[in-house]
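Student: Have a look at this one before I ask anything.
The values are calculated or read from the model by the stated rules, or taken from the named source; none is laboratory data. Keep in mind that this is a model prediction, so the values were computed, not measured. Using ideal geometry, Cβ is built from the backbone for each residue, glycine included, and neighbour counts are taken over all protein chains shown.
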Amino acid sequence: MKLKDKIEKLIKKEKRDKKLTDEELQKRQREFEKEALPHMLLLYNYAYRMTGNEEDAKDLVQETYLKAFRFWDQYEPGTNIRAWLFKIMKNSYINKYRKATKEPGKVDYDEVQNFYETVRDESFESSDLQEHIFENIFEDEIIEALGKLPDEFRTVVILADIEGLSYEEIADFLDIPIGTVRSRLHRGRKMLRKQLYEFAKRKGYIKGSPEDYEIDEPDKD
Amino acid sequence: MDCRETREFMSALVDNQIDDETKRKVEEHIWRCATCRNEFELEKKTKQIIKSNIKLLPVPNELVTTILTQIKLLQNGYNPHLRAIEGTSTKPWFEFAFTFGIVVVVLTLAILLTSIYENKMAQKELVAREVSGLINYFDSVAKGMAKPEILSGDFNYLQNQLILKSSFQPIVPHIPEFKLVGASINTGHSPGDAQCVNLLYQKDDKIILFHQAPLHRASMHEDVKKRILKGEWIYDTIEDESFAIWGTKELICCVVSNLSRDELERVLKQSW
């Protein structure tokens, strides 16, 4: 670290440790409201689609904003505030929900792997049957299918298809290369289609298993 | 471009997040290859169906209000002077008693919330933040996904290796009933950070990870540092893991284990 940066960091820290004046506090509050609040729609919708219900989504957004406010002086003006807020939310989400339901690390990875293996091995959409996947599909089923995607894949699908973010911004949000955004999105949509196919089969629109013609890329990220 | 490469850019083509040159190549392949063309059509439809069925939901009004109120309360927690002003600015058309009641409720809430945030969340979360990285590392070690770089059951060998290789003087304690099985010396998480030493102890399926780093260079929150400098041993648990943080004159020590909190405390008291 350069000396200049080090000094800057120290000054920043000192400011945080000492009590701020009323004026500074109010300025900080105004600044926060102006900068951070407009992105609540993005965060709320992400939270809603990840947790699947309004109460948890509200909790998550609330926690995110309170954390962001507490650590407001760690945000560097001019950098992408949406990415900063999103990262805070993602951490809160992982701490709160993911660890509670699943074992961390290995198990999660296996699940993704297995899921993907099924998608790859089982062919499920030959051209004459594909139409049926999209016919008679209800909103709930699409929401349910989305909910079944592993977190990593669900995240990119939500950000790209529901929130309409660019690949650059998604890469920035998740700290991953754009190539990874591309492949996760491709695979995520494919998994979702597989789910829709299962629904269609259950409802009897599609019978039996169609022949395999799928060529698929090897599993890599 | 072949099928494989085309698949890599399939989503990018669907979303038109692709440069002209690559787009031309991908389209050229898709035009020739029926399988990829089919895949492309399916992906396009999938996107459409997601987009048209799952709409953005409006943010509930009360969420915005709650957040704004909480920020104000938090703000007041930093400065009690502001809270007094807030308290007296209640609406004039309420009857006096009612107004008074509301003031009391607001103040109680403010004190309650700020105390919760200031003490419980702040302290607990601060500590949790400090150890979260280590807990993740512990998880990977416990699951066999990560290994300490020096693996040996020979206590003296490990001790010598550590003294030879680390930039500071580490402590290598004996923990009763547990056996030292490995150690690693890590450079910090960011370039300015100091080196740290991790020791791994084992007894059957119980593991203790002992982490230490020079106190003066350890980057941690001032509040946590203050508590440690006062000589406090902070014990807590996160999910299934228990941990303890404390300091010596030169070192900051942190222990993570799958023992229960009480067991960990007992074991550590025996070793120090």
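Student: Looking only at the range B:217-232, count every residue that is touching an Asp or Glu at 6+ places or on another chain (Cβ under 8 Å) and not acidic (Asp, Glu) and tell me the total. Walk me through how you get there before you give the answer.
Tutor: Of the range B:217-232, the ones touching an Asp or Glu at 6+ places or on another chain (Cβ under 8 Å) are B:217, B:219-222, B:224.
Filter once more, keeping what is not acidic (Asp, Glu): B:217, B:219-221, B:224.
Of the residues in that region, 5 qualify.
Student: Continuing with the same structure: Residue pairs, Cβ under 6 Å, 6 or more apart or interchain, first in the range B:7-26 and within 11 Å of chain A (Cβ to nearest Cβ) and charged (D, E, K, R), second surrounded by 15 or more Cβ atoms within 10 Å (Cβ to Cβ) and not in a helix (DSSP H, G or I). List them.
Tutor: So the pair list comes out as B:Arg7/A:Glu217.
Student: For residues that are at pLDDT 80 or above and within 7 Å of another protein chain (Cβ to nearest Cβ), scanning just the range B:65-90, find the one that is farthest from B:Val104 (Cα to Cα). Quick ask: steps written out before the conclusion?
Tutor: From the range B:65-90, those at pLDDT 80 or above are B:65-71; that's our starting set.
The next check asks that each one be within 7 Å of another protein chain (Cβ to nearest Cβ); those that pass are B:66-67, B:70-71.
Working: B:Thr66: 19, B:Ile67: 21, B:Gln70: 17, B:Ile71: 19 Å.
If we take residues in the range B:65-90 being at pLDDT 80 or above and within 7 Å of another protein chain (Cβ to nearest Cβ), then B:Ile67 is farthest from B:Val104 (Cα to Cα).
Student: So, in the range A:166-191, of the ones that are crowded, with 21+ Cβ neighbours inside 10 Å and in contact (Cβ under 8 Å) with a residue 60 or more places away in the chain, which residue ends up farthest from A:Ile94 (Cα to Cα)?
Tutor: The extreme case among them is A:Lys190.
Student: Hey, another quick one. Among the helices (runs of 4 or more DSSP H) contained in the range A:1-106, which hold 1 or more residues that are at pLDDT below 80 and among the basic types (Lys, Arg)? Explain how you work it out, then say what you get.
Tutor: Details: elements: A:3-17, A:22-36, A:40-51, A:54-70, A:81-93.
Correct list: A:3-17.
Student: Counting only residues that are among the hydroxyl-bearing types (Ser, Thr, Tyr) and more than 36 Å from the chain's Cα centre (by Cα), which one in the range B:1-51 is nearest to A:Phe138 (Cα to Cα)? Steps first, answer last, please.
Tutor: First pass over the range B:1-51, keeping only residues among the hydroxyl-bearing types (Ser, Thr, Tyr): B:6, B:11, B:22, B:35, B:46.
Going one step further and asking which of them are more than 36 Å from the chain's Cα centre (by Cα), we end up with B:6, B:22, B:35.
Values: B:Thr6: 31, B:Thr22: 36, B:Thr35: 27 Å.
Looking at residues that are among the hydroxyl-bearing types (Ser, Thr, Tyr) and more than 36 Å from the chain's Cα centre (by Cα), I get B:Thr35.
Student: Further, regarding this structure: What's the number of the only condition in (1) modelled with pLDDT of 75 or more; (2) assigned by TED's automatic domain parsing to the domain that holds B:Tyr201; (3) touching a helix residue (DSSP H, G or I) at 6+ places or on another chain (Cβ under 7 Å); (4) not in a strand (DSSP E or B) that B:Val106 fails to meet?
Tutor: Of everything listed in (1) modelled with pLDDT of 75 or more; (2) assigned by TED's automatic domain parsing to the domain that holds B:Tyr201; (3) touching a helix residue (DSSP H, G or I) at 6+ places or on another chain (Cβ under 7 Å); (4) not in a strand (DSSP E or B), B:Val106 misses just condition (2).
Student: Next question. Kindly indicate whether B:Lys230 is at pLDDT below 90, surrounded by fewer than 17 Cβ atoms within 10 Å (Cβ to Cβ), over 19 Å from B:Ile171 (Cβ atoms) and of a type in the set (Lys, Arg). Full working, then the answer.
Tutor: Details: at pLDDT below 90: yes; surrounded by fewer than 17 Cβ atoms within 10 Å (Cβ to Cβ): yes; over 19 Å from B:Ile171 (Cβ atoms): yes; of a type in the set (Lys, Arg): yes.
When the stated conditions are applied, B:Lys230 passes them.
Student: Still on this structure, I have one more. Are any residues in the range B:132-155 among the hydroxyl-bearing types (Ser, Thr, Tyr) and within 14 Å of chain A (Cβ to nearest Cβ), and if so, which ones? Show your work before the answer.
Tutor: So the first thing to find is which residues in the range B:132-155 are among the hydroxyl-bearing types (Ser, Thr, Tyr), and the list is B:132, B:137, B:140, B:152.
Correct list: B:Ser132, B:Tyr137, B:Ser140.
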